[in-house]
Amino acid sequence: MLGLLERDSFIYYNIKALFRKLQNPMTNEAMFLLVTQAETFLEQFVSQSQLLTRTSNLLTSLLATQQHHFEQANNCNAEVTTIKAASDEALEQLVACENNIARWQSEIEALKEKVRQEEAKMEKLAAVAIEAQKVKLDELAREGIQHYSDGLAVQKRVEHLTSDKEMLQRKLVSIRTQYYQFQAANRKPPSPSQQQP
């Protein structure tokens, strides 16, 4: 019965209808008890199978959500690295500008114009390197930390559902084993007419 039900879940309604037909005033007490026990096994199996399906679906969904959060955190980290590299390069250029200014100030009066141009360039680079990049870095760092935190929050639920899934699978194995033991214990030997070749 459970094997048929695993292959085709719609057979559940046919089996329930058969049990209802067998549970009538004409059914002897022993048969009535067997039908009631088989019906209990059927209900337990269907209930646990449905719970396992829901748990598996929820676990799959949460794993996808967790993966998405971790991917977003990785994307934020990559962007932070790119922006930091650009900022570091701008800072290196700033240092180079300062060195140029120091060298040109020691030269003759003709180089003063170059010094003024380099000072203007230095101010622009300093603004880009320090202000604009700092705001974006802070924003991306906060976003990356939030995605990572969200991914860790989902982890606890994933672990809980994984544990629930394992427990439900064990219950189904136990029910199936009990059912087959019950089926074997209550199987009638073939009648003499059925044993003829």
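Considering (1) under 30 Å from ARG20 (Cα atoms); (2) among the polar types (S, T, N, Q); (3) surrounded by 15 or more Cβ atoms within 10 Å (Cβ to Cβ), say which one GLN50 fails and leave the rest.
Of the numbered conditions (1) under 30 Å from ARG20 (Cα atoms); (2) among the polar types (S, T, N, Q); (3) surrounded by 15 or more Cβ atoms within 10 Å (Cβ to Cβ), the odd one out for GLN50 is (3).
Filter the stretch 27-56 down to residues that are at pLDDT 90 or above and assigned to a loop (DSSP other than H, G, I, E, B), then give me how many there are.
1
Hey, among the residues in the stretch 168-185 that are exposed (fewer than 12 other Cβ atoms within 10 Å of the Cβ) and aliphatic (A, V, I, L, M), which one's farthest from the chain's Cα centre (by Cα)?
Checking each candidate, the answer is ALA185.
Filter the stretch 104-154 down to the residues that are under 23 Å from the mean Cα position of the chain (by Cα), polar (S, T, N, Q) and either surrounded by 13 or more Cβ atoms within 10 Å (Cβ to Cβ) or modelled with pLDDT under 80 (or both) and list them by number.
Of everything in the stretch 104-154, just one residue is under 23 Å from the mean Cα position of the chain (by Cα), polar (S, T, N, Q) and either surrounded by 13 or more Cβ atoms within 10 Å (Cβ to Cβ) or modelled with pLDDT under 80 (or both), namely GLN146.
Each row is one residue, and each column tells you yes or no for (1) free of Cβ contacts under 8 Å to residues at least 12 places away in the same chain; (2) assigned to a helix (DSSP H, G or I); (3) of a type in the set (A, V, I, L, M, F, W, C).
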residue	(1), (2), (3)
GLU79	no, yes, no
LYS84	no, yes, no
ALA96	yes, yes, yes
ILE101	no, yes, yes
ARG116	yes, yes, no
ALA120	yes, yes, yes
LYS124	yes, yes, no
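Of a type in the set (D, E, K, R) and over 30 Å from GLU159 (Cβ atoms), is that true of GLU6?
Here the answer is no, as GLU6 does not meet what is asked.
Can you name the residue in the stretch 55-66 that is surrounded by fewer than 17 Cβ atoms within 10 Å (Cβ to Cβ) and among the hydrophobic types (A, V, I, L, M, F, W, C) and is also nearest to GLU166 (Cα to Cα) among such residues?
Taking the candidates together, the pick is LEU58.
Against the conditions (1) surrounded by fewer than 17 Cβ atoms within 10 Å (Cβ to Cβ); (2) in contact with a Gly (Cβ under 7 Å, 6 or more places away or on another chain), where does HIS69 fall short? Just the number, please.
(1)
TYR13 is checked against (1) surrounded by 12 or more Cβ atoms within 10 Å (Cβ to Cβ); (2) modelled with pLDDT under 90; (3) out of contact with any Asp or Glu (no Cβ under 6 Å at 6 or more places or on another chain) and fails just one. What number does that condition carry?
Unmet for TYR13, out of (1) surrounded by 12 or more Cβ atoms within 10 Å (Cβ to Cβ); (2) modelled with pLDDT under 90; (3) out of contact with any Asp or Glu (no Cβ under 6 Å at 6 or more places or on another chain): (1).
What is the one condition in (1) without any contact (Cβ under 8 Å) to a residue 12 or more places away in the chain; (2) within 30 Å of the chain's Cα centre (by Cα); (3) surrounded by 13 or more Cβ atoms within 10 Å (Cβ to Cβ) that ARG7 does not satisfy?
ARG7 satisfies every listed condition except (3).
SER61 passes all but one of (1) closer than 30 Å to LEU137 by Cα; (2) modelled with pLDDT of 95 or more; (3) of a type in the set (S, T, N, Q); which number fails?
Here SER61 clears every test but (1).
The values are calculated or read from the model by the stated rules, or taken from the named source; none is laboratory data. Values in this document were obtained by computation on a predicted structure and should not be read as measured data. Here Cβ is always computed from backbone atoms with ideal geometry, including for glycine, and neighbour counts include all displayed protein chains.
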